[in-house]
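The values are calculated or read from the model by the stated rules, or taken from the named source; none is laboratory data. Quick caveat: nothing in here was measured; it's all calculated off a predicted structure. Glycine gets a Cβ as well: all are built from the backbone with ideal geometry, and neighbour counts include every protein chain shown.
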Amino acid sequence: MQPLIFGLFLSMYLVTVLGNLLIILATISDSHLHTPMYFFLSNLSFVDICLTSTTIPKMLVNIQTQSKVITYTGCITQMCFFILFVGLDNFLLTVMAYDRFVAICHPLHYMVIMNPWLCVLLVLMSWILSVLNSLLQSLMVSWLSFCTHVEIPH
């Protein structure tokens with residue numbers, strides 16, 4: 001059963017990474033797609049690649065080696081990056097919703113409101129808020145004390 005699960009998750013991971021890379025390459029290569037919506041979509045695709053890359057490779061290694069062990073530092077690091085990219089995913093989806101709101105409700109002012117400077121600023125603020133949230137959550141967990149000899153099966 002393990003090889004089947006390994007192959008299934010590996011193929012899903014590769015499809016996810018390749019699909020998001022194709023979205024990024026398409027938006028970079030086609031000048032017609034150099035609009036705010038596709039700028040945000042490219043960033044979202046990049047974050048999705050990073051999000052899946054924080055957990056799936058470790059899970060694939062665990063399936064292959066039949067070992068489910070992770071170090072305390074590795075766990076905190078993985079948790080930090082997972083929180084970072086989940087938060088960033090949520091912020092970027094919110095920014096994309098605002099972009100569509102402006103496009104629908106203010107179509108004549110869309111290009112003035114959603115200028116390149118604002119788009120970069122919105123993505124930058126999303127990154128900053130996500131990093132701060134992730135670091136705060138990780139630091140709060142790192143201050144907790146855990147028993148060192150307790151095994152947790154899952």
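Being closer than 17 Å to VAL123 by Cα and exposed (fewer than 13 other Cβ atoms within 10 Å of the Cβ) is true for just one of THR94, THR65. Which residue is that? Reasoning before the result, please.
Working: THR65 fails: closer than 17 Å to VAL123 by Cα.
Exactly one of THR94, THR65 is closer than 17 Å to VAL123 by Cα and exposed (fewer than 13 other Cβ atoms within 10 Å of the Cβ), namely THR94.
Residue-wise test of (1) under 20 Å from VAL120 (Cβ atoms); (2) modelled with pLDDT of 95 or more.
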position: ILE5; (1), (2): no, no
position: VAL17; (1), (2): no, yes
position: LEU22; (1), (2): no, yes
position: THR35; (1), (2): yes, no
position: PHE40; (1), (2): yes, yes
position: ASN43; (1), (2): yes, yes
position: PHE46; (1), (2): yes, yes
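Go through the range 17-52 and count every residue that is without any contact (Cβ under 8 Å) to a residue 40 or more places away in the chain and either assigned to a helix (DSSP H, G or I) or among the hydroxyl-bearing types (Ser, Thr, Tyr) (or both). Spell out the reasoning first.
Step one: of the range 17-52, the residues without any contact (Cβ under 8 Å) to a residue 40 or more places away in the chain are 17-35, 38, 42, 45-46, 49-52.
Among the residues that remain, those that are also either assigned to a helix (DSSP H, G or I) or among the hydroxyl-bearing types (Ser, Thr, Tyr) (or both) are: 17-29, 31-33, 35, 38, 42, 45-46, 49-52.
Number satisfying all stated conditions: 25.
When you look at ASP30, is it more than 22 Å from VAL131 (Cα to Cα), surrounded by 12 or more Cβ atoms within 10 Å (Cβ to Cβ) and among the acidic types (Asp, Glu), yes or no? Steps first, answer last, please.
Working: more than 22 Å from VAL131 (Cα to Cα): yes; surrounded by 12 or more Cβ atoms within 10 Å (Cβ to Cβ): no; among the acidic types (Asp, Glu): yes.
It is false that ASP30 is more than 22 Å from VAL131 (Cα to Cα), surrounded by 12 or more Cβ atoms within 10 Å (Cβ to Cβ) and among the acidic types (Asp, Glu).
Could you list, in sequence order, all residues of the range 53-62 that are loosely packed, with under 14 Cβ neighbours inside 10 Å and either under 18 Å from MET1 (Cα atoms) or in contact (Cβ under 8 Å) with a residue 60 or more places away in the chain (or both)?
Once the filter is applied, which keeps residues that are loosely packed, with under 14 Cβ neighbours inside 10 Å and either under 18 Å from MET1 (Cα atoms) or in contact (Cβ under 8 Å) with a residue 60 or more places away in the chain (or both), the range 53-62 yields only VAL61.
Residues of the range 66-114 being assigned to a helix (DSSP H, G or I) and charged (D, E, K, R), which ones? Break it down into steps so the answer makes sense when it comes.
Of the residues in the range 66-114, the ones assigned to a helix (DSSP H, G or I) are 72-105, 107-113.
Passing the criteria: ASP89, ASP99, ARG100.
Report whether or not TYR72 is within 24 Å of the chain's Cα centre (by Cα) and of a type in the set (Ser, Thr, Tyr).
On the way: within 24 Å of the chain's Cα centre (by Cα): yes; of a type in the set (Ser, Thr, Tyr): yes.
Yes.
Can you report the number of residues in the range 103-131 which are over 30 Å from LEU144 (Cα atoms) and surrounded by fewer than 18 Cβ atoms within 10 Å (Cβ to Cβ)? It would help to see each step written out before you state the result.
The first filter runs over the range 103-131 and keeps only residues over 30 Å from LEU144 (Cα atoms), leaving 103-124.
After this cut, where a residue has to be surrounded by fewer than 18 Cβ atoms within 10 Å (Cβ to Cβ) as well, the list is 103-113, 115-118, 120-121, 124.
Residues in the range 103-131 being over 30 Å from LEU144 (Cα atoms) and surrounded by fewer than 18 Cβ atoms within 10 Å (Cβ to Cβ): 18 in total.
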